[in-house]
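In what follows, a structure is listed as structure tokens, so that the remarks can point back to it.
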Amino acid sequence: MASPQPPDAESPPLPSTGFRNVVSYLIFIHFFFLLVSIKSKTVSSGLEQDLRERAPGLTPYVQLLGMDLSYMFHLTYYDPTLSEPANFRPSDTDFFVEADIPQPSGEVKKVRWPSLDVRPSSRYHRFERLVHTAAVEGEVDNETPASLIAQGIARRLMAENQCRSLTLHFRRRILQNLMLPEGSLELAAEKARGLDDPANFPAAYEANAYLTSDNKVEVAALKAASNTAAPRRPAASGSSSTGNTNAGQAIPGAVKP
């Protein structure tokens with residue numbers, strides 16, 4: 001029977017027991033904070049809420065690591081019963097900005113923001129939430145937050161497209177209402193509506209933006225919640241270049257978010 005081999009004299013010594021205890025404690029704290037953060041952001045109990053509010057250092061820790069987020073993901077809170085019978089509009093539709101940028105030739109270039117190729121995808125979702133906030137606030141005539149966001153978007157698009165004025169259309173993307181009674185004419189009409197139908201993209205908030213003589217961006221709202229449908233085939237002029245694709249993308253044909 002072979003005798004056991006002596007330990008390798010070159011192998012480093014193990015960390016001390018105290019050091020390993022500290023590391024184990026820190027790992028436990030990390031996963032404890034993470035678990036409480038996730039649970040308290042979903043359907044949570046009173047105990048989980050109390051743990052989140054009273055655990056020392058939990059809130060700053062999860063905020064520092066970017067974990068203080070909602071972990072509940074829904075494509076939509078789709079509910080036709082909350083919509084207007086004559087004009088179906090789900091309450092949580094997606095939004096995007098369509099900018100009309102005048103060209104020296106007198107034509108208009110259409111640019112979408114945020115563009116669909118924004119990377120990483122988390123940037124796109126943050127931009128979309130900005131547009132969502134401006135559109136919803138503008139639709140209910142809460143002009144201050146809507147105009148502030150519109151100013152920031154206009155400033156970026158002006159810088160990238162070398163223009164001094166443009167018009168912003170904050171458009172919502174209407175979903176098809178497929179929860180109507182089977183066999184009804186309304187359901188047949190919804191199914192027949194194409195994805196690029198202009199009625200799918202009404203404007204919730206619109207504004208003209210321009211640069212003043214001291215290079216400040218001013219925004220003037222157009223009619224509130226106009227619900228103006230996007231044109232079916234907007235002009236394709238100037239669609240060959242839009243500058244930074246992370247901010248805007250020319251729309252050569254029908255608007256398809």
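The values are calculated or read from the model by the stated rules, or taken from the named source; none is laboratory data. A quick note: this is a predicted structure, and the numbers were derived from the prediction, not measured. Glycine gets a Cβ as well: all are built from the backbone with ideal geometry, and neighbour counts include every protein chain shown. Calculation scope for accessible area: heavy atoms of the full protein, side chains included, ligands and nucleic acids excluded. Shrake-Rupley method; radii C 1.70, N 1.55, O 1.52, S 1.80 Å.
Just to be sure before I move on: is residue 116 of a type outside the set (Asp, Glu), open to solvent by 70 Å² or more (accessible area, probe 1.4 Å) and part of a loop (DSSP other than H, G, I, E, B) in the structure I sent?
Spelling it out, residue 116 is indeed of a type outside the set (Asp, Glu), open to solvent by 70 Å² or more (accessible area, probe 1.4 Å) and part of a loop (DSSP other than H, G, I, E, B).
Can you find, within segment 130-169, the residue that is nearest to residue 215 (Cα to Cα) among those that are part of a helix (DSSP H, G or I), hydrophobic (A, V, I, L, M, F, W, C) and open to solvent by 70 Å² or more (accessible area, probe 1.4 Å)?
Here the residue is 148.
When only residues in segment 176-235 that are in a loop (DSSP other than H, G, I, E, B) and among the β-branched types (Val, Ile, Thr) count, which is modelled with the highest pLDDT?
Ranking the candidates gives 212 first.
Residues checked against (1) at pLDDT 75 or above; (2) of a type outside the set (Lys, Arg); (3) closer than 30 Å to residue 207 by Cβ:
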residue	(1), (2), (3)
13	yes, yes, no
17	yes, yes, no
21	yes, yes, no
36	yes, yes, no
50	yes, yes, no
54	yes, no, no
58	yes, yes, no
93	yes, yes, yes
117	yes, yes, yes
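From the residues in segment 18-58 that are of a type in the set (Val, Ile, Thr) and over 30 Å from the mean Cα position of the chain (by Cα), which one is nearest to residue 68 (Cα to Cα)?
Among those residues, the one meeting the criterion is 29.
With the requirement that a residue be in contact with a strand residue (DSSP E or B) (Cβ under 8 Å, 6 or more places away or on another chain) and of a type in the set (Phe, Trp, Tyr), what does segment 118-149 give you?
Passing the criteria: only 127.
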